[in-house]
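The values are calculated or read from the model by the stated rules, or taken from the named source; none is laboratory data. What you are looking at is a predicted structure, and each value in this text was computed from that prediction instead of being measured. Cβ: placed from backbone, ideal geometry, glycine included. Neighbour counts: every protein chain shown. For accessibility, only protein heavy atoms count, side chains too; no ligands or nucleic acids. Shrake-Rupley method; radii C 1.70, N 1.55, O 1.52, S 1.80 Å.
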Amino acid sequence: MTLLRAAGTDTRSAPGSAVEPAAGLGVPSAVAPAAGPAEAHERPAAQASGQPTEQAPEPASSQLQALRLALKASRIGVFDIRLPEGQGQFSDDCLDVLGYGAEYREAFLRGFSPLVHPQDRAAMLRGRHGAQAQDSRRFELEARRMRCDGSYGWVRWIGQVVEHDGPDAGLRLVGTLEDVNDRHQAEAELRQARQQLQALSEHVEAQLEAERKLIASEVHDQCGQVLTLVKMEIAVLRNAARQAPLMLDSVQRLDELVNDLVQMSRDVIARLRPPALDLGLVPALEWLAGEWGRQAGMACEFSCAVDDLALPDDKATTLFRIIQESLTNAARHSQAGWVHVGLRVSEDGLDLRVADNGRGFDTGADQPGRFGLMGMQERAQRVGARLEVTSTPGAGTQVRVSMPLSATVPPAAA
């Protein structure tokens with residue numbers, strides 16, 4: 001780990017300085033002073049008497065060589081520079097970390113410093129000034145620096161700000177330089193993968209909702225028309241069968257089966273896409289609370305301070321699905337006696353809540369298989385909403401969805 005030092009630069013450390021001269025890189029000397037004649041005469045006697053003898057400390061050159069090997073293996077450079085001129089001392093690894101070859105040594109010794117990426121310059125200055133203001137004078141900065149091929153690579157500085165005597169002495173920085181470009185690249189790839197996964201999930205959900213809407217429309221139009229014709233034919237048969245009691249009973253049973261089929265088709269349509277959603281979020285939630293309470297056999301109250309809410313269809317559908325999933329979870333797990341669905345709109349935005357008086361659960365406990373909650377969180381993020389689940393064992397559960405709205409949405413009634 002050869003140190004590069006500017007010509008004419010004074011490498012002597014000031015008294016009390018936190019950094020030793022560059023030749024030692026701060027490694028304390030471990031070389032013992034030479035033994036005098038008396039000491040040389042006494043040592044054999046001590047060994048012969050069986051008294052323990054101290055092991056000679058490892059030479060400083062061995063410690064320095066070990067430090068060099070460790071820094072070389074980890075690709076960490078060491079620097080001692082003065083600002084604003086940028087001159088000082090560098091290890092060879094500093095050039096490697098910054099993406100420059102040995103031919104740039106003289107330029108670095110004369111104060112050359114690679115350009116910082118424009119987007120990182122403000123953060124660099126804030127970090128440097130912040131280190132000067134701290135009592136510890138320690139700094140840790142990450143930024144992109146231009147390499148010799150014109151590309152930018154991420155590097156990290158960790159070190160100490162050292163004071164100098166005199167107002168014109170400048171600023172001295174001592175520390176290490178590390179290449180963290182691979183880590184930043186991996187993080188960027190991970191973020192991109194998450195974004196792509198979220199976009200794929202949104203696309204799949206949108207396609208699924210479109211298919212639900214299409215199937216519901218087909219069931220309503222096609223099956224509804226057929227069932228209506230069947231009902232009309234049954235009415236004709238009933239009139240013709242008044243003179244034959246046995247035939248009249250069969251027609252009556254057929255009519256009841258068709259009525260059941262009509263109700264089943266309506267239930268299928270409601271599960272796929274409730275017709276009330278076409279009227280808006282408020283009518284849809286009001287319908288959902290009543291229908292869910294009837295099917296679950298549980299009291300479900302709906303309260304809302306506005307009569308109508310102007311929302312795009314995709315957002316209204318997403319919020320409806322979140323509340324629908326919350327009620328499904330309450331029916332499966334809560335063992336509650338009542339459930340309340342509330343909707344409020346204010347200047348801060350929309351606030352939707354589903355609360356029950358069930359057994360609750362520990363939200364901090366590891367419970368595998370929470371796919372329902374994961375799906376609700378994903379849906380909320382998709383429309384820019386925030387979902388919070390609060391629960392305590394034995395004290396019920398509350399699901400809250402908050403979403404900012406545009407100024408065109410009417411606020412809640414006073």
message: Can you give the FRET efficiency to the nearest 0.05 for residue 351 and residue 261, using r as the Cβ-Cβ distance and R₀ = 45 Å?
response: 0.65
- line: Cross-link reach from residue 213 to lysines, straight Cα distance under 21 Å and at least 8 residues apart if same chain, gives 315
- line: Sorted by chain and then number, the residues having a modelled amide H within less than 5 Å of the amide H of residue 152, at least 5 places away or on another chain, are 147
message: Please compute the length gained on full extension between residue 246 and residue 138, using 0.36 nm multiplied by the number of residues separating them and subtracting their Cα-Cα distance.
response: 29.1 nm
statement: With R₀ set to 56 angstrom, the calculated FRET efficiency between the beta-carbons of residue 303 and residue 72, to the nearest 0.05, is 0.20
- request: Tell me the GluC sites (Glu not before Pro) within the stretch 246-352 that lie in a loop according to DSSP and have at most 12 other beta-carbon atoms within 10 Å.
  value: 347
- request: At 0.36 nm per residue, minus the direct Cα-Cα distance, what do residue 333 and residue 158 gain on full extension? Give it in nm, one decimal, please.
  value: 57.8 nm
statement: FRET efficiency (residue 180, residue 381; Cβ distance; R0 22 Å; to 0.05) is 0.15
Loop sites in the stretch 276-315: chymotrypsin sites (Phe, Trp or Tyr not before Pro), DSSP, at most 16 other Cβ within 10 Å: none
task: Indicate the gyration tensor shape class of the stretch 64-108 (rounded, prolate or oblate), computed on the Cα atoms with a ≥ b ≥ c the square roots of the eigenvalues: a/c under 1.5 is rounded; otherwise a/b larger than b/c is prolate and the rest oblate.
output: oblate
message: Probe radius 1.4 Å, ligands and nucleic acids left out: which of 203, 340, 184 has the largest accessible area, and how do the rest follow?
response: 203, 340, 184
